[in-house]
Structure formats: structure tokens, C-alpha cells
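A.B. asks: Got a structure for you, written out below as C-alpha cells; questions coming shortly.
What follows is calculated from the coordinates using simple rules that are stated; it is not laboratory data. Keep in mind the model is a prediction, meaning the values are calculated, not measured. Counting neighbours? That spans all protein chains shown, and the Cβs are built from the backbone with ideal geometry, glycine included.
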Amino acid sequence: MRSEIRKVILFRKLASAAVAAILLVTLASAGAQATVSPRITKAASIPASITPGATVRVTPAISNLKATRTYVWYLAGQRIVTGATRTLKTFAEDNGSSLYAVESLRFANKKVLISRTKTVTVGTVPPPVSPYLWSQEFNDASGTTASSSYFDLTSPYGAGDGSGIGNPGWGNNEREWYLPASAKTDGQGNLVLAATKTVAGDNLQCYYGTCTWKSAKLITLGKIGFKYGRIEVRAKLSGGQGQWPAIWLLGANQPSVNWPQCGEIDMAEWKGDLPNMLWGTLHGPGYLNQGNTTTINGGFTGYHTYRIDWVPNQITWYLDGVQYHQMKATDIGGNTWVFNAEQYLILNVAMGGNFVGNQIGSGVSQTSMSVDWIHYSALNGYGTLISH
């Protein structure tokens with residue numbers, strides 16, 4: 001009996017001790033909780049893209065303790081208090097305005113923490129200002145034609161065999177029929193002007209009979225013109241005997257003034273069977289073939305930058321940034337310098353003609369010029385893009 005009584009007494013003592021231990025741990029935990037400092041573990045945020053007219057909602061900050069939250073917005077520098085409401089309505093006129101929100105978190109111990117969202121521009125961010133007066137990058141999807149806003153794709157000055165302007169064979173006995181709209185992007189950032197032999201069904205009649213070649217030519221005549229400045233073209237060629245590609249300019253008065261009175265600037269001219277040679281030439285009234293040549297390191301089948309710097313009374317030619325030719329108004333004797341007026345740009349791939357000896361290789365069935373980009377910029381305060 002005494003043994004049983006002792007067991008009961010021991011059990012009660014152990015139970016009391018356990019309860020005391022639990023109470024001690026509980027009180028200790030409560031004390032620790034009371035001393036925890038509030039902190040923000042993730043900042044508040046708003047969407048990175050906001051359409052003008054949309055209602056913007058804040059995603060609240062995450063904190064380690066419960067808090068009461070209020071909001072203040074800053075739209076185009078204006079302070080807008082919305083209190084406990086975490087949304088703000090924008091309007092169409094807010095396009096381009098900066099926007100961010102500030103969330104205030106007040107905790108039980110009266111401490112207040114601030115969480116600021118990132119600044120977002122409402123609407124579309126304006127594109128960066130281009131360093132060029134005009135440029136074409138040709139980054140469109142494969143098969144896209146050159147822009148009709150800048151290139152005339154139908155004029156007889158750029159299409160056909162020259163007969164449409166009373167100049168069959170373009171005055172050079174060329175063999176191709178130009179189809180400007182056949183110049184298309186390759187989907188890899190280039191515009192390709194391709195020349196191929198004609199096939200049955202093309203039904204193209206040239207000045208000499210059924211056309212044997214069709215090719216591409218692009219002109220900016222009647223669309224845009226250039227007066228002075230720097231013109232650069234990055235391009236490569238495929239080559240082949242009889243290929244005669246060129247990047248050149250003619251006076252915008254050419255439809256009413258005969259050549260060479262209009263003036264011609266050959267920025268770059270090649271012979272398909274001489275891949276390491278480049279021609280830069282000027283033609284004007286009384287001074288034809290005023291040019292020079294230079295060697296193309298690595299040949300024209302790789303990309304190179306062809307450029308002219310054009311200021312009043314002077315034109316300078318460059319290959320990959322290195323000067324190789326220059327002409328001044330004082331270099332033409334008593335003749336008239338006709339290059340202080342608007343010119344239009346031409347890119348083409350001719351086949352045959354006087355410049356290449358009127359010979360096309362029997363094994364040549366196609367050839368091309370690929371243009372990576374065209375850049376036109378001001379130079380020493382000179383350079384005007386003329387829109388028509």
C-alpha cells in the first residue's frame with residue numbers, strides 16, 4: 001500500500017515539473033517574439049510594362065512581421081496618395097511618364113519601414129536617337145522587298161533594259177532586264193540583289209531580243225535625295241566573269257539633264273572576275289573617268305565598307321575606312337563642278353557591258369550583291385536628306 005502511495009506522489013512531482021518546463025519555454029518564446037525587429041525580405045513591385053489607361057496594382061512587400069500598409073504614388077513627379085488602396089488608374093495622356101510607388105509598413109511596435117518599387121515608364125519607351133540622317137538595316141523577315149518609301153520599284157529609270165528612257169542597254173551594252181522588286185532580304189540582315197539567267201516563261205524582251213539575264217536595281221529617285229555628307233554601304237559580292245555590280249549616285253536632275261551633265265559618283269564599282277580590285281570614279285561634263293583603284297584585302301566575297309565623304313567642292317573615297325581617292329573642283333580644269341547639288345542613290349548588278357569587256361563567263365548562271373546596311377550621316381556640318 002505504501003509502495004502504491006509513493007508511486008502516485010512521484011508521478012505528481014514529475015507532472016508538475018513538466019508543466020513548469022512547458023510554462024518556462026512558452027514564456028521564453030513570448031519574450032523572444034516580442035524582441036524580433038521588423039524587416040522587409042522582398043520589396044514591393046509594379047509591372048515592368050504599363051499600358052496607358054490601365055489600372056496599376058502594387059504587389060506588396062514581404063516582411064517578417066504583420067504590418068498595416070499605406071501607399072503613395074509618384075507619376076511624372078506628381079505625388080498621389082491612395083492610402084490603403086494599392087492601385088492607381090492611369091490615362092492615355094500619361095504615355096511616356098515615369099511611375100513608381102512607395103509602400104509604408106507600420107508594425108505593432110509602431111516602427112515604420114518603407115519599400116519603394118522600381119521606376120517604370122508608362123507606355124512605349126521612345127527608341128534611341130539614330131546617329132544617322134537615314135539608314136537601312138535590312139533586318140526584315142526573309143523575302144521582304146526594299147521599302148517603297150525610299151526606293152522606286154517601278155520607274156523606267158530603275159526597271160527594264162533602259163529602252164523605257166530611250167537608253168537601251170543603259171548606254172553600256174548591258175544584257176540584263178532589271179526587276180527592282182526582286183531585291184529581297186535573306187532573313188539574316190542582308191538585302192540581296194541577285195542576277196540569274198532567264199528561263200522559259202519569263203517572257204522578257206530586251207533591246208537585242210529575248211533577254212538572257214534578269215537582275216535587280218534599286219534607285220531612290222523621286223523618293224529621297226542626298227546633298228553632301230557621308231554615305232557608307234557594307235556589302236559583299238559573289239563574283240563571276242561578266243558581273244558588273246555598282247553602288248553609285250546620279251544628279252537628281254538627270255531625268256531632265258543628259259548624262260554626264262547631271263554628274264555621276266561611282267562610290268564602288270567592280271568587275272566580277274577581278275575580286276581584289278575596287279574602282280572609285282567621278283564623271284562630269286568634260287571630265288569622264290576621273291577615278292582610282294585600290295586592292296580589296298581578302299577580296300570582295302567578304303563584307304567590306306565602301307564610303308564617300310562629300311562636302312562642297314570635294315569628294316573623297318574610302319575602303320574599310322582607308323582613303324584611296326579624292327576629287328576637288330580645282331582638279332577638273334575649266335570644267336563645271338556639278339556636285340554641289342542633290343544626287344540620288346543607285347544599287348545594281350549589271351551583267352555584261354562595256355566595263356567588263358562585253359563578256360559573260362559561259363559557266364556563270366547566277367551572281368549577287370548582298371547589302372548589310374546603308375548609312376547616311378552628316379559630316380562637318382554638311383549633309384541634307386531630301387524627301388520627295
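A.B. asks: Using θ = phi - 60° and the Karplus relation 6.51 cos²θ - 1.76 cosθ + 1.60, list the HN-Hα couplings for the stretch 176-186 in order, rounded to whole Hz, with x at every Gly or Pro.
C.D. replies: Coupling constants for the stretch 176-186: 9, 10, 7, 10, x, 5, 7, 6, 9, 6, 9 Hz.
A.B. asks: Note down the net charge around T185, summing +1 for each Lys or Arg and -1 for each Asp or Glu among other residues with Cβ under 14 Å from its Cβ.
C.D. replies: Local net charge: -3.
A.B. asks: Another question about this same structure. Determine the relative contact order of the stretch 40-121: mean sequence separation of Cα pairs under 8 Å and six or more apart, normalised by residue count, in whole percent.
C.D. replies: About 35 percent, as a whole number.
A.B. asks: Can you give the Rg/Rh ratio of the stretch 160-242, where Rg is from the C-alpha atoms and Rh is the Kirkwood radius?
C.D. replies: Here Rg/Rh amounts to 1.00.
A.B. asks: Here is a further query. Full-extension gain between Q188 and S149, please, as 0.36 nm times their residue separation minus the C-alpha to C-alpha distance. Numbers along the way, then the final one.
C.D. replies: Working: separation 39, 0.36 × 39 = 14.04 nm, distance 2.18 nm.
Full extension of this stretch gives 11.9 nm more.
A.B. asks: Just grab the label-to-label distance for N95 and A76, each label 7 Å out from Cα along the Cβ direction, in nm (one decimal).
C.D. replies: Using points 7 Å along Cα→Cβ, the separation is 1.3 nm.
A.B. asks: Need the list of lysines near K271 for cross-linking: C-alpha distance under 20 angstrom, and skip anything on the same chain fewer than eight residues off.
C.D. replies: Within reach: K197, K214, K217, K236.
A.B. asks: When only DSSP loop residues count, what trypsin sites (Lys or Arg not before Pro) in the stretch 75-160 have their Cβ near at most 13 other Cβ atoms within 10 Å?
C.D. replies: When the trypsin sites (Lys or Arg not before Pro) of the stretch 75-160 are filtered for loop state and at most 13 Cβ neighbours within 10 Å, K110, K111, K118 remain.
A.B. asks: Sticking with this structure for a sec: Students often forget the sequence filter, so: which lysines lie under 21 Å Cα-Cα from K223 once same-chain residues fewer than 8 apart are removed?
C.D. replies: Within reach: K184.
A.B. asks: If the viscosity is 1.567 mPa s and the temperature 4 °C, what translational diffusion coefficient in µm²/s does Stokes-Einstein give for the chain when Rh comes from Kirkwood over Cα pairs?
C.D. replies: On the way: Rh = 26.8 Å.
It diffuses with D of about 48 µm²/s by this estimate.
A.B. asks: For the chain, list the cysteines whose Cβ sits under 4.7 Å from no other cysteine Cβ?
C.D. replies: Cysteines lacking a close Cβ partner in the chain: C262.
A.B. asks: Here is a follow-up. Please list 3J(HN,Hα) in residue order for the stretch 93-101, calculated via the Karplus relation 6.51 cos²θ - 1.76 cosθ + 1.60 where θ = phi - 60°; whole Hz, with x for glycine and proline.
C.D. replies: Per residue, the Karplus-derived 3J(HN,Hα) values read 6, 7, 4, x, 7, 7, 8, 8, 10 Hz.
A.B. asks: Counting only other residues whose beta carbon sits under 14 Å from that of R175, what net charge do I get with K and R as +1, D and E as -1?
C.D. replies: -1
A.B. asks: Ok, one more. As an exercise, identify the chymotrypsin sites (Phe, Trp or Tyr not before Pro) in the stretch 61-146 lying in DSSP coil whose Cβ has no more than 15 other Cβ atoms within 10 Å. Don't skip to the end; give the middle numbers.
C.D. replies: Values: sites: Y71, W73, Y74, F91, Y100, F107, Y132, W134, F138; in loops: F91, Y132, F138.
Filter output for the stretch 61-146: F91.
A.B. asks: Sticking with this structure for a sec: M267's amide H: which non-local residues (gap 5+, or another chain) put their own amide H closer than 5 Å, with H modeled 1.01 Å from N in plane and none for Pro or chain starts?
C.D. replies: The answer is I247, W248, L249.
A.B. asks: Hey, can you grab everything whose amide H is under 5 Å from the amide H of I296? Only 5+ residues off in sequence or another chain; H modelled, so Pro and N-termini drop out.
C.D. replies: M277, L278
A.B. asks: Any chance you could give the angle, 0 to 90 degrees and rounded to 10, that helix 2-34 forms with the longest Cα principal axis of the chain?
C.D. replies: The helix 2-34 is inclined about 40 degrees to the chain.
A.B. asks: For the stretch 85-164 and the stretch 327-361, what is the centre-to-centre distance using only Cα atoms, to the nearest Å?
C.D. replies: 41 Å
A.B. asks: Another one. Give me the lysines in straight-line cross-link reach of K89: C-alpha distance below 26 Å, same-chain residues under 8 apart excluded.
C.D. replies: Reachable lysines: K42, K118.
A.B. asks: Explain nothing, just the number: relative contact order of the chain, from Cα pairs under 8 Å at least 6 residues apart, as a whole percent.
C.D. replies: Computed over the chain, the figure is 17 percent.
A.B. asks: Once the piece of chain linking F355 and N380 is laid out straight, how much longer is it, given 0.36 nm per residue of separation minus the C-alpha distance between them?
C.D. replies: 5.5 nm
A.B. asks: Same structure again: Tell me what the chain gives for mean residue ellipticity at 222 nm when only DSSP H runs of n ≥ 4 count, each as -39,500 (n - 2.57), the sum divided by the residue total, rounded to 500 deg cm²/dmol.
C.D. replies: -3000 deg cm²/dmol
A.B. asks: To the nearest 0.05, what FRET efficiency results for E137 and Q261 with a Förster distance of 30 Å applied to their C-beta separation?
C.D. replies: FRET efficiency, E137 to Q261: 0.30.
A.B. asks: Which length gain, in nm to one decimal place, applies between K197 and K110 when the Cα-Cα distance is subtracted from 0.36 nm times their residue separation? It would help to have the intermediate numbers written out before the result.
C.D. replies: Values: separation 87, 0.36 × 87 = 31.32 nm, distance 8.54 nm.
Using 0.36 nm per residue and subtracting the Cα-Cα distance, I get 22.8 nm.
A.B. asks: So, one more: For I165, I219, what's the fewest-to-most ordering of other Cβ within 10 Å of each Cβ?
C.D. replies: I165, I219
A.B. asks: Report, in whole Å, the centroid distance computed from the Cα atoms of the stretch 255-294 and the stretch 47-63.
C.D. replies: Computed from Cα coordinates, the inter-centre distance equals 60 Å.
A.B. asks: Here's a follow-up. About the Cα centre of the chain, what is the dipole size in debye to 20, counting +1 per Lys and Arg Cβ and -1 per Asp and Glu Cβ, all else neutral?
C.D. replies: Rounded to the nearest 20 debye, it is 4320 debye.
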